[in-house]
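Read-outs: derived from the displayed coordinates by stated rules, not from any lab. Predicted model only: the values in this text are computed from it and were never measured. Cβ: placed from backbone, ideal geometry, glycine included. Neighbour counts: every protein chain shown.
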Amino acid sequence: MATITPKDVSHVANLARLEFDAEETQHFTEQLGRILDYIGKLNELDTEDVPPTSHIHPLQNITKPDVVKKSLSIDAVLENAPETAEGYFAVPRVIDTQSN
Amino acid sequence: MSLNQLTVHELHEKLKEREITAVELTESIYARIDEVEPSVKGYLTLTKTLALEQASNADVGFQNGNEMPPLAGIPIAIKDVICTKDVRTTCASKILSNFKPPYDATVMAKLQKQNAVMIGKTNMDEFAMGSSTENSAYQITHNPWDLETIPGGSSGGSAAVVAADSAICSLGSDTGGSIRQPAALCGVVGMKPTYGRISRYGLIAFASSLDQIGPFTKDVTDCALVLNAICGKDPLDSTSVDVPVPDFTESLINDVQGLRIGVPKEYFAEGLDAEVAELVHSAIQKLEQLGASLEEISLPHTDFAIATYYIIAPAEASANLARYDGVRYGYRTEEPVDLIDMYKKTRTEGFGQEVKRRIMLGTFALSAGYQDAYYRKAQKVRTLIKSDFDAAFEKVDVIATPTSPTPAFKIGERTADPLQMYLCDVMTTPASHAGLPGISVPCGYVKSGLPVGLQLLTPPFDEETLLRTAYTYQQNTDHHLKRPIIAKTEGKI
């Protein structure tokens, strides 16, 4: 298994939509490194022919009739939103209006 | 004994005979909360107005002479990971500090159907990630047996309030041991039922292939009563399993004659506290005296369960927690530059250290180039761990182990080293991987006075044998009857 570098931590943080300063990045690099070292013990096991378990019970797709049922009102859905506009969730501008 | 000290089944008799009212009972719980909460700090939110309303509704039923269900009028505390309609549900995270769910979890609807009384929402490790409840963004919960120690986690609040008699029973959730371990450390009964037994609808997701709701109670009879109320297939949770739900009180049989109990040698290896080992051994011998036969067994992949867990659970968590982005609910950062900046700042400001650590670990384990080496590898080892149990249950009916390698440790003792904290779960994660039901029952006290738990495990959907074994043990011992004396701590903590 691999060792983890500050560069990896920054990359993973970006994937996870988290931000760390240099000190925190160093801290996480060390901590995650130690945890991954411990996890490395899984390599002691030969799992070549072992099937993976993603779920404990045999799962299958469950379908339901395609009929309209009662759902939460828009007001109830928006009740917890930090910002709303005209019955929608509002977020900061995604596309710049000015080209630069 | 005051009302708040009694069990569900004792109180049900009194309510039915109309010796007491549910409102009196509820008042006695809040009086106890006033007395001990400043020391224990098990609750994040109290819902007294709602509780008194629910209690008086139950009283109307009793007064009319209706046949009332066993939980009618019974004060129950709910872990703050379970959605309660219009009642703040935080997951002990800053990111959900103002979240009021627009719907009830299925377990809440089922409790309401029985006219149970919700007392409040209990403290926990943030997003159920932790083994000591020290990862709460709000407060540290103290173990009622020794206020300088942790109550276990992640359902530490739910365990502590039952131990402190400031709830009659409670609900928690268990992903890698989060019911069983705090139950052991707080000297109460805690059960994680089989994965799929209870609907997870409205249980805020941590690791979806492992999470399961379950009860904390003062004895095994109460455990059966709460299970009766909350089990069953739910169309709103496609992973809940459509198997018949028995009347669990019929398993309350004081007899273990002929039962084969397996004692896995790997659970008594180095790292196990000597006093814990002795108490658990004598509990297992007690079951032998009562007619069970013992057999030493081996679960050879036990030692790999923690490493497997700390890939699978964070991987699932990193996906589940992607939803906290400041758009639809919860905390949002002030004045973000743009959308991506809003996501990043919201999450960075809203999540605590342990949650970030697990998101990072999980995102790494799923990232390009590492998925096979970590996530896929862990899933394969999960198969090996499950196969160990499958093989063992061909020879034995029940497996008996310690629940936790040590009694409760001091607050702050393990927070500096995440890996040390993760190793707390060494006895509980294996059964989680296999989806097995497990119960922890008090089996004695170490010299310092802290409680120790005996963990019993059975094959999937055999909660009945689990209850029968645990019930027999309690009928012939009195460890579960002992209650902590909670020190007054003004100015100390």
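What range in chain A is the longest one free of GluC sites (Glu not before Pro) that are in a loop by DSSP and have at most 12 other Cβ atoms within 10 angstrom? Longest run free of exposed loop sites: A:1-47.
Spin-label model, residue B:395 to residue B:288: label points 7 Å out along the Cα-to-beta-carbon direction sit 1.5 nm apart. Residue ranges B:249-260, B:91-102 sort as B:91-102, B:249-260 when ordered by packing (mean number of other C-beta atoms within 10 Å per residue, highest first).
Taking every DSSP bridge with both residues inside the protein assembly as shown, close to 65 percent are antiparallel. Residue by residue, what Karplus-based ³J(HN,Hα) values in Hz, rounded to whole numbers, does region B:159-169 have, using 6.51, -1.76 and 1.60 with θ = phi - 60° and x for Gly and Pro? Karplus-based 3J(HN,Hα) across region B:159-169 equals 6, 5, 6, 6, 4, 8, 6, 9, 7, 7, 7 Hz.
Between the beta carbons of residue A:90 and residue B:86, assuming R0 = 22 Å, the FRET efficiency works out to 0.40 to the nearest 0.05. As a proxy for reagent exposure, ranking A:70, B:85, B:110 by other Cβ atoms within 10 Å from fewest up yields A:70, B:85, B:110. For chain B, the relative contact order is 18 percent, taking Cα pairs closer than 8 Å that sit 6 or more residues apart in sequence and dividing their mean separation by the residue count. Cross-link check: pairs A:69/B:110; B:110/B:192; B:344/B:380; B:121/B:233; B:110/B:482; B:110/B:218 evaluated at a Cα-Cα cut-off of 23 Å; pairs beyond the cut-off: B:344/B:380; B:121/B:233; B:110/B:482.
Amide H neighbours of residue B:129 under 5 Å, counting only residues 5+ apart in sequence or on other chains, H built in-plane at 1.01 Å? Residues meeting the amide H criterion: none. Look at the Cα gyration tensor of the protein assembly as shown: its axes a ≥ b ≥ c give a/c of at least 1.5 with a/b at or below b/c, and that counts as oblate. Under 1.5 on a/c is rounded, so check that first for region B:1-110, then, if it is not, pick prolate when a/b is larger than b/c and oblate when it is not; a ≥ b ≥ c are the square roots of the alpha carbon gyration tensor eigenvalues. Here region B:1-110 falls in the oblate category. The residues packed around residue B:113, meaning those with a beta-carbon under 15 Å from its beta-carbon, carry a net charge of -1 if Lys and Arg are +1 and Asp and Glu are -1. Taking 0.36 nm per residue of sequence separation and removing the Cα-Cα distance, the residue B:410/residue B:353 pair yields an extension gain of 18.5 nm. Relative to one another, the C-alpha centroids of region B:250-289 and region B:307-334 are positioned 38 Å apart. For residue B:44, the residues whose modelled amide H falls within less than 5 Å of its own, excluding neighbours fewer than 5 places apart on the same chain, are B:121, B:122, B:123.
Pairs of Cα atoms nearer than 8 Å and 6+ residues apart set the relative contact order; for region B:3-255 it is 18 percent.
Between residue B:323 and residue A:38, what FRET efficiency comes out of the Förster formula 1/(1 + (r/R0)^6) with R0 = 25 Å and r the beta carbon distance, rounded to 0.05? Given R0 = 25 Å and the Cβ-Cβ separation, E is 0.30. Electrostatic bookkeeping for residue B:347 treats Lys and Arg as +1 and Asp and Glu as -1; over the other residues with beta carbon under 12 Å from its beta carbon, the sum is +3. Shape class of chain B from the alpha-carbon gyration tensor: rounded, with the ratio a/c of largest to smallest axis under 1.5. How high is the FRET efficiency between residue B:423 and residue B:274 when r is their beta carbon distance and R₀ equals 22 Å, given to the nearest 0.05? The pair residue B:423/residue B:274 has a calculated efficiency of 0.80. Positive contributions from Lys and Arg (+1) and negative ones from Asp and Glu (-1), summed over other residues with Cβ under 11 Å from the Cβ of residue B:422, come out at +1. Distances between placed amide hydrogens fall under 5 Å for residue B:149 paired with B:143, B:411, all partners being 5 or more residues away or on another chain. Spatially, region B:27-47 and region A:29-100 are offset by 35 Å when compared through their Cα centroids.
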